[in-house]
1. For the range 119-235, give the share of DSSP beta bridges that are antiparallel, in percent and rounded to the nearest 5; count only bridges with both residues there.
2. Give me a comma-separated list of calculated 3J(HN,Hα) values for the range 177-186, in order, Karplus coefficients 6.51, -1.76, 1.60 applied at θ = phi - 60°, integers in Hz, x for any Gly or Pro.
3. Given points 7 Å out from each Cα along the Cα-Cβ axis, report the LYS101 to LEU241 separation in nanometres with one decimal.
4. Quick check: residue separation of ARG88 and GLU213 times 0.36 nm, minus the Cα distance between them. What number comes out in nm?
5. Which value, in debye to the nearest 20, describes the size of the charge dipole of the range 119-235 about its Cα centre when Lys and Arg Cβ atoms bear +1, Asp and Glu Cβ atoms bear -1, and nothing else is charged?
6. Rounded, prolate or oblate for the range 119-235? Axes are the square roots of the Cα gyration tensor eigenvalues, ordered a ≥ b ≥ c, and the cut-off for rounded is a/c under 1.5.
7. Just want the ordering: SER107, SER184, SER125, SER201, from fewest to most Cβ atoms lying within 10 Å of their own Cβ.
8. To the nearest 20 debye, what charge dipole does the range 16-109 have about its Cα centre, counting +1 at the Cβ of each Lys and Arg and -1 at the Cβ of each Asp and Glu?
Amino acid sequence: MAGGKHASPDKGKGSFEEASVPHYHGHRDRLRERFLENPDSLPDYELLELLLYRSIRRGDTKPLAKRLLDNFGTLAAVMRADILDLQRVQGVGPAVATDLKVVAVASARGIRSKFENKTMLSSWSSVIDYCTAAMGHEKIEQFRILFLDKKNGLIKDEVQQKGTVDHTPVYVREVIKRALELNSSALILVHNHPSGDITPSRADIEMTKNIIEASAPMGITVHDHIIIGSNEHASMKALQLI
């Protein structure tokens, strides 16, 4: 009987300790191990969990990872989201939003580095990836220019103008002036359509032709004008609009 009396409290204590262990106990270590073994095996929400570990030191990050994906749709959209939009998601504070943007910017620069000091026209998919990462989820239109040298290497990537949700004023004179300042021999024009419709407007086409006409006497070539949507793009050259 005495042995039984002692056995019951031990068993009860063990059950209490097991019940008090969070269901996610050891999950972080296991997730890190899986990532190291095969990074591509992790679904988006688990990869996002790993990113959230940077700013959330304890606790289960899976609910927040899934909440972010529910709000923005894809991992890429989460990473491209505006920092204020990120903070509108329950559980995302300044530290989490900042860490996500740091990773997003680092990723965009990594993509851009693929064609720095190289002929950009030979790595066109990287150009598209970079432009999509940089402006695919902007809520207002922005017009940027990739300034190239004689070998079509990148000299400078600049946002020239920002506008409204459906219009960006572009001044041809300013485009040419900046190209000459940078001693640029060629340009790739890029702007985004926040609506998601990547169809070039009549204004887009006319503006592009005006820049081409003004650039030609200066010995500057316009290779293309790319329109970026959230998940797709359009090339005016490919569409034979220029």
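Taken together, the values in this text are just the output of simple stated rules run on the coordinates, not laboratory data. Note that this is a predicted model, so its numbers are computed, not measured. Note that we place each Cβ from the backbone using ideal geometry, even for glycine, and neighbour counts take in every protein chain shown.
1. Values: 16 of 23 bridges.
Close to 70 percent.
2. Per residue, the Karplus-derived 3J(HN,Hα) values read 4, 5, 4, 5, 4, 8, 6, 7, 9, 8 Hz.
3. If labels sit at LYS101 and LEU241, their model points lie 3.1 nm apart.
4. On the way: separation 125, 0.36 × 125 = 45.00 nm, distance 4.52 nm.
Taking ARG88 through GLU213 to full extension adds about 40.5 nm, to one decimal.
5. 360
6. Numbers: a/c = 1.83, a/b = 1.30, b/c = 1.41.
Taking the square roots of the gyration eigenvalues as a ≥ b ≥ c, the range 119-235 is oblate.
7. SER125, SER201, SER107, SER184
8. On the way: 14 positive and 14 negative charges, 71 e Å.
Its charge dipole is roughly 340 debye.
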